[in-house]
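The values are calculated or read from the model by the stated rules, or taken from the named source; none is laboratory data. Everything numeric here is computed off the predicted structure, so don't read it as measured data. Don't worry about glycine lacking a Cβ; one is built from the backbone with ideal geometry, like all the others, and counts go over all protein chains shown. Heavy atoms of the whole protein, side chains included, go into the accessibility calculation; ligands, DNA and RNA do not. Shrake-Rupley method; radii C 1.70, N 1.55, O 1.52, S 1.80 Å.
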Amino acid sequence: MSESKQRLEIVTPQRKVFSEDVDFLVAPGADGELGILPSHTPLITSLNVGIMRIEQDNKKFRIVVSGGFMEVRNSKVTVLATAAERTEEIDVARAEAAKKRAEDRLVSKTPDIDTLRAEMALRRAIMRIKAASGK
Ligand code: ATP
C-alpha cells in the first residue's frame with residue numbers, strides 16, 4: 001500500500017460492504033465527525049447513524065452506516081456496523097416507506113410505542129435518502 005493510502009474495511013453481521021485502499025474519510029463519530037488520513041493516531045470510537053464520506057484517487061463517494069464501532073490503527077480503518085450500504089445499493093422507495101412508518105409511529109403517541117426505536121429508524125431512513133440523493 002502506498003504511504004498516502006489507508007485500508008478501509010466496513011463489515012456488517014451479514015457481509016463485507018467495502019474493503020479497499022482510500023486516501024481520506026470522514027466518519028460519523030459518536031462525538032462528532034472524524035476526518036481520518038493515513039497514519040492517523042490509533043483510536044476506537046462508536047459511530048452514529050450517519051454518512052461516511054470517502055475519497056479514493058479522484059473519486060468521492062458515500063456509505064451510510066447505521067451505528068457501530070470504528071478502529072483506526074496502522075493506516076487501517078475497520079468499521080463494524082449494524083448495517084451499511086453504498087449509495088448505489090440504497091432502495092430509496094424502501095427508505096421513504098421506512099421514514100413514513102417511523103413518522104407515523106412518532107406522531108401516533110400510543111403508549112406502547114418505543115420512541116427511541118422509531119427515532120433511530122427515522123434517522124436511518126433520512127440518512128439513506130440523503131446519501132442516495134447526493135446531498
Ligand atoms: P426497513 O424498515 O426498510 O427494513 P431498517 O432501517 O429497519 O429499514 P435495517 O434494520 O437498518 O433496516 O437494515 C436491515 C438490512 O436491510 C440491512 O442489511 C440494510 O443494509 C438493508 N437496508 C435497509 N434499508 C435499505 C434501503 N433503503 N436500501 C437498501 N438496503 C437497505
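Tabulated results
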quantity: Failed item in (1) within 16 Å of the ligand (Cβ to nearest atom); (2) in a helix (DSSP H, G or I); (3) open to solvent by 60 Å² or more (accessible area, probe 1.4 Å), with Val107 passing the rest; calculated: (1)
quantity: Residues of the range 41-58 satisfying the condition of being at pLDDT 95 or above and more than 13 Å from Leu8 (Cα to Cα); calculated: Thr41, Pro42, Leu43, Ile44, Thr45, Ser46, Leu47, Asn48, Val49, Gly50, Ile51, Asp57
quantity: Filter pass, Ile63 being loosely packed, with under 13 Cβ neighbours inside 10 Å, among the β-branched types (Val, Ile, Thr), modelled with pLDDT of 95 or more and farther than 19 Å from Ser4 by Cα; calculated: no
quantity: Residues located in the range 10-50, provided they are closer than 18 Å to Arg123 by Cα and open to solvent by 50 Å² or more (accessible area, probe 1.4 Å); calculated: Asp31, Glu33, Asn48
quantity: Options Arg128, Arg53, Arg117; residue that is outside the structural domain of Asp21 (by TED's automatic domain parsing) and either surrounded by 17 or more Cβ atoms within 10 Å (Cβ to Cβ) or in contact (Cβ under 8 Å) with a residue 60 or more places away in the chain (or both); calculated: Arg128
quantity: Residue within the range 81-98 that is within 16 Å of the ligand (Cβ to nearest atom), out of contact with any helix residue (DSSP H, G or I) (no Cβ under 6 Å at 6 or more places or on another chain) and farther than 23 Å from Arg15 by Cα present; calculated: yes
